[in-house]
1. What FRET efficiency, computed as 1/(1 + (r/R0)^6) with R0 = 22 Å and r the Cβ-Cβ distance, is obtained for Ser239 and Ala53, rounded to the nearest 0.05?
2. What are the ³J(HN,Hα) couplings of the stretch 163-172, residue after residue, when phi is run through the Karplus curve with 6.51, -1.76, 1.60 and θ = phi - 60°? Round to Hz, x for glycine and proline.
3. Choose one of Ser212, Ser147, Pro259: the residue whose Cα lies farthest towards the positive end of the charge dipole of the stretch 135-280 (beta-carbon charges +1 Lys, Arg; -1 Asp, Glu; about the Cα centre).
4. Identify the residues of the stretch 234-251 with backbone N under 14 Å of a label point that sits 7 angstrom from the Cα of Arg223 along the Cα-to-Cβ direction, or state none.
5. At a threshold of 8 angstrom on Cα-Cα distance, excluding pairs fewer than six apart, so keeping six or more, what relative contact order does the chain reach in percent?
6. Given only helices, namely DSSP H runs of n ≥ 4 each adding -39500 (n - 2.57), what is the per-residue ellipticity at 222 nm of the chain, to the nearest 500 deg cm²/dmol?
7. How much net charge surrounds Leu6 when only the other residues with a Cβ under 11 Å from the Cβ of Leu6 are counted, with Lys and Arg +1 and Asp and Glu -1?
8. I'd like the Karplus ³J(HN,Hα) series for the stretch 153-159: coefficients 6.51, -1.76, 1.60, θ = phi - 60°, whole numbers in Hz, and an x wherever there's a Gly or Pro.
Amino acid sequence: MTMQHLLSIEDLDRAGIERIVEQAARFAEVSDREIKKVPALRGRMVLNLFYEASTRTRSSFELAAKRLSADVVNFAASGSSVEKGESLKDTVLTLSAHKPDAIVLRTPWAGAAELVSKWCSAAIVNAGDGKREHPTQALLDVYTLRSRLGELDGASIWIIGDVAHSRVARSNIIAFQRMGAKVTVAGPPTLIPRGIEALGCDVRFTLDELPSADVVYTLRMQRERMSETWVPSLREYASWYQVNGKRLSPRQVLMHPGPVNRGVELSGEVVDSPQAVITAQVEAGVVVRMAVLYELLAGASAPSTSPSSGRPEAAGAAIGERQPA
Ligand code: NCD
């Protein structure tokens, strides 16, 4: 099975998620080399189209494309003709003249990735569409947890905080459950969307039962998406929901997608504790995004890389293992 786009984590069943994280594990070996490059996507072009701020996601997509030897064009809406009023559609059509093979898209608009996939022939990767989805974050979090815990079957994962404004929460609830974990979301009632149980998770409005969790996944308070007052104050939020040394037990794994508001959703001490895998999540971002770009672009129509091109064994084996579409 070959994917055409990665618009939603729902595009992937458990086998699909496993295929990508296993490919990512093979690419991890490349990242440990002195020369961190394989020729798998040589001659391919990846366009990073970012309408929203990003540190981790954008840098790791860029690095992922470069490690696969693709050409990369980075486009940030600020400083571009978007500021002169160019629409998303016109921007995509204009940049399509450069013939990108993949467009990595982050926007504040839910559903934008689907729209763009209809306007051009490139493979589209949703790198965050408003409050809706962030599928590659979910994949890198599955990868990180599998390297810590092994299989996720039966693991209890609590996702805590601003679920209402979080695309990470939505994608991760789906992905973790597909991998066999039991997901609980917790936070103040104003920040937990009504009906979220329909995704299959449990809901708690206090952290009283947090000790039962194997994994504590905290979310950033998304102040840029809050149009009204959702919590009385960040200080009050912290007093009820901050994950700190008193609430985190030594056997629990602590995650956060970044950027962290230290002193709000997490205390500084737990961010710097050995239980936190926040940096491992960022590292996983590169290899998982390599695997996603590879899966989307190294299909049957990819330019062939000859065995004499210095292709390293890990990626060579990976290429050899691909099933025809
Ligand atoms: C997240 C995002 O932008 O959705 N960050 C990320 O991609 N690592 C989460 C956030 O901004 O809080």
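1. On the way: r = 28 Å, r/R0 = 1.28.
According to the calculation, E is roughly 0.20.
2. 5, 4, 9, 10, 6, 5, 4, 4, 5, 6
3. My answer, from the dipole projection, is Pro259.
4. Under cut-off, by backbone N: 234-238.
5. Details: 593 pairs, mean separation 73.8, N = 325.
Rounded, it is 23 percent for the chain.
6. It lands at -11000 deg cm²/dmol.
7. On the way: positive: Arg289; negative: Glu10, Asp11, Glu133, Glu295.
Net local charge, Leu6 excluded: -3.
8. 3, x, 5, 9, 10, 9, 10
The values are calculated or read from the model by the stated rules, or taken from the named source; none is laboratory data. It should be emphasised that the depicted structure is a prediction, and the values quoted were computed from it without experimental measurement. Every residue, glycine as well, gets a Cβ built from its backbone with ideal geometry; the counts of neighbours run over all protein chains shown. SASA here: full protein model, heavy atoms, side chains in, ligands and nucleic acids out. Shrake-Rupley method; radii C 1.70, N 1.55, O 1.52, S 1.80 Å.
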